[in-house]
Amino acid sequence: MRKFALASIAAFAAAPALATGLEIDIAGEANGTVTIDLFEDVAPQHVERITTLAEEGAYDGVVFHRVIDGFMAQTGDVEFGRVGRDMGKAGTGGSSLPDLPAEFSDRSFEAGVVGMARTPDPNSANSQFFIVFEPAPHLDGQYTVVGAVTGGMDVVNAIKRGEGPNGAVIGAPDVMQDVRVTE
């Protein structure tokens, strides 16, 4: 049994390190770069999904389709949320990868926290994520926390706001031009 444990530790140590963050160049009403620290120890499957999609370039050119003043900015619909597509469907799609099981934690949704968007089914997160502008304790334990903004919160706060109770962005939404994984 000890040999197995040592072999497992050696295999784990030899495994490639997970990414630690993202850099997102945003253009539109907000212009600048946002840096995000990803919490692979809190939500490893969700962090792996986000970094996989970022490395594939799937997030490049995706808009912030739902932005509610005083609450959050949502993006990440790699299926329908691209610049130049019918924005009427933005927010209804995801990636071709399977949905993820919830990875709820005791992390609180403070200003700048990044969470995974989902349907009413807690195990339906796929590619979309959101950044909260202000503390949102009603989300604690209900949505998977994947990271937090460590730089560029002024850029996040400048993202074009949507209209109505659902925060649908009318006209030209702000866009994630380039999303890079950092180590």
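The values are calculated or read from the model by the stated rules, or taken from the named source; none is laboratory data. No experiment lies behind these values; they were computed from the predicted model shown. Here Cβ is always computed from backbone atoms with ideal geometry, including for glycine, and neighbour counts include all displayed protein chains.
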Of everything in the range 120-146 that's outside any loop (DSSP other than H, G, I, E, B) and in contact with a helix residue (DSSP H, G or I) (Cβ under 8 Å, 6 or more places away or on another chain), which residue is surrounded by the most Cβ atoms within 10 Å (Cβ to Cβ)?
146
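Applying the selection to the range 53-77, what residues are assigned to a loop (DSSP other than H, G, I, E, B) and either without any contact (Cβ under 8 Å) to a residue 12 or more places away in the chain or more than 11 Å from residue 128 (Cα to Cα) (or both)? Spell out the reasoning first.
To start, the set of residues in the range 53-77 that are assigned to a loop (DSSP other than H, G, I, E, B) comprises 56-61, 64-65, 69-71, 76-77.
If the condition is that a residue be assigned to a loop (DSSP other than H, G, I, E, B) and either without any contact (Cβ under 8 Å) to a residue 12 or more places away in the chain or more than 11 Å from residue 128 (Cα to Cα) (or both), then 56, 57, 58, 60, 61, 69, 70, 71 are the ones that fit.
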Among (1) part of a loop (DSSP other than H, G, I, E, B); (2) crowded, with 24+ Cβ neighbours inside 10 Å, which single condition is residue 114 missing?
(1)
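Would you say residue 178 is assigned to a strand (DSSP E or B), out of contact with any helix residue (DSSP H, G or I) (no Cβ under 8 Å at 6 or more places or on another chain) and surrounded by fewer than 17 Cβ atoms within 10 Å (Cβ to Cβ)?
Details: assigned to a strand (DSSP E or B): yes; out of contact with any helix residue (DSSP H, G or I) (no Cβ under 8 Å at 6 or more places or on another chain): yes; surrounded by fewer than 17 Cβ atoms within 10 Å (Cβ to Cβ): yes.
Yes, satisfied.
Within the range 94-111, does at least one residue satisfy the condition of being within 15 Å of residue 49 (Cα to Cα), polar (S, T, N, Q) and assigned to a loop (DSSP other than H, G, I, E, B)?
Quick first cut of the range 94-111, residues within 15 Å of residue 49 (Cα to Cα) only: 94-103.
Narrowing the set further to residues that are polar (S, T, N, Q) leaves 95-96.
So of that shortlist, the ones also assigned to a loop (DSSP other than H, G, I, E, B) come out as 95-96.
Yes, there is a match, as at least one residue in the range 94-111 is within 15 Å of residue 49 (Cα to Cα), polar (S, T, N, Q) and assigned to a loop (DSSP other than H, G, I, E, B).
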Can you tell me which condition residue 15 does not meet? The list is (1) among the small types (Gly, Ala, Ser); (2) surrounded by fewer than 19 Cβ atoms within 10 Å (Cβ to Cβ); (3) at pLDDT 95 or above, and all the others hold.
(3)
